[in-house]
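*Asks:* Take this structure first; my questions come after.
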Amino acid sequence: MIELELRYIAHITTLTYTVKERYRTQAETLRQLIGELNHRYPGFQTVFIHPDTGKLNLNAMIYYGEPGRPPAAVIDMDRPIGDQSVITFW
């Protein structure tokens, strides 16, 4: 089990009704995490993952930062996630 800090920006807050939360998960990749979040926030997955290609939607952004490192834009949905990371969904 890992713990993450999730941040939600702009229109994403209309799905989550919050701008930030601590989140515990067993997900190992961003794709798995987004699938989990889709159960919690219906429609979340469609905002970020194109249903036909499985790739990041062109109008969505995700930033991932490990502890002690600056956040970087993510393109690979199968990127592994680590404990205490900060993930921003925009």
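The values are calculated or read from the model by the stated rules, or taken from the named source; none is laboratory data. This structure is a prediction, so every number in the text was calculated from the model and none was measured. Cβ sites come from the backbone with ideal geometry, for glycine too, and all protein chains shown count toward neighbours.
*Asks:* Looking only at region 69-87, decide whether some residue is at pLDDT 95 or above, among the charged types (D, E, K, R), out of contact with any helix residue (DSSP H, G or I) (no Cβ under 6 Å at 6 or more places or on another chain) and surrounded by 15 or more Cβ atoms within 10 Å (Cβ to Cβ).
*Replies:* Within region 69-87 (the criterion being at pLDDT 95 or above, among the charged types (D, E, K, R), out of contact with any helix residue (DSSP H, G or I) (no Cβ under 6 Å at 6 or more places or on another chain) and surrounded by 15 or more Cβ atoms within 10 Å (Cβ to Cβ)), the answer is no, since none of the residues qualifies.
*Asks:* Of these, 51, 80, 42, 71, which one is of a type outside the set (S, T, N, Q) and under 17 Å from residue 1 (Cβ atoms)?
*Replies:* Just one listed residue meets the conditions, 80.
*Asks:* Turning to a different aspect of this structure: Scan region 66-89 residue by residue and report those that are assigned to a loop (DSSP other than H, G, I, E, B) and among the aliphatic types (A, V, I, L, M). Break it down into steps so the answer makes sense when it comes.
*Replies:* If we filter region 66-89 for residues that are assigned to a loop (DSSP other than H, G, I, E, B), which is where we start, we get 66-71, 74-79, 81-85.
Matches in region 66-89: 74, 75, 77, 81.
*Asks:* Can you find, within region 47-90, the residue that is farthest from the chain's Cα centre (by Cα) among those that are over 20 Å from residue 20 (Cα atoms) and of a type in the set (S, T, N, Q)? Show your work before the answer.
*Replies:* As a first pass, look at region 47-90 and keep what is over 20 Å from residue 20 (Cα atoms): 49-59, 75-80.
Those still in the list that are of a type in the set (S, T, N, Q) too: 53, 57, 59.
On the way: 53: 18, 57: 13, 59: 14 Å.
Only one residue fits best here, namely 53.
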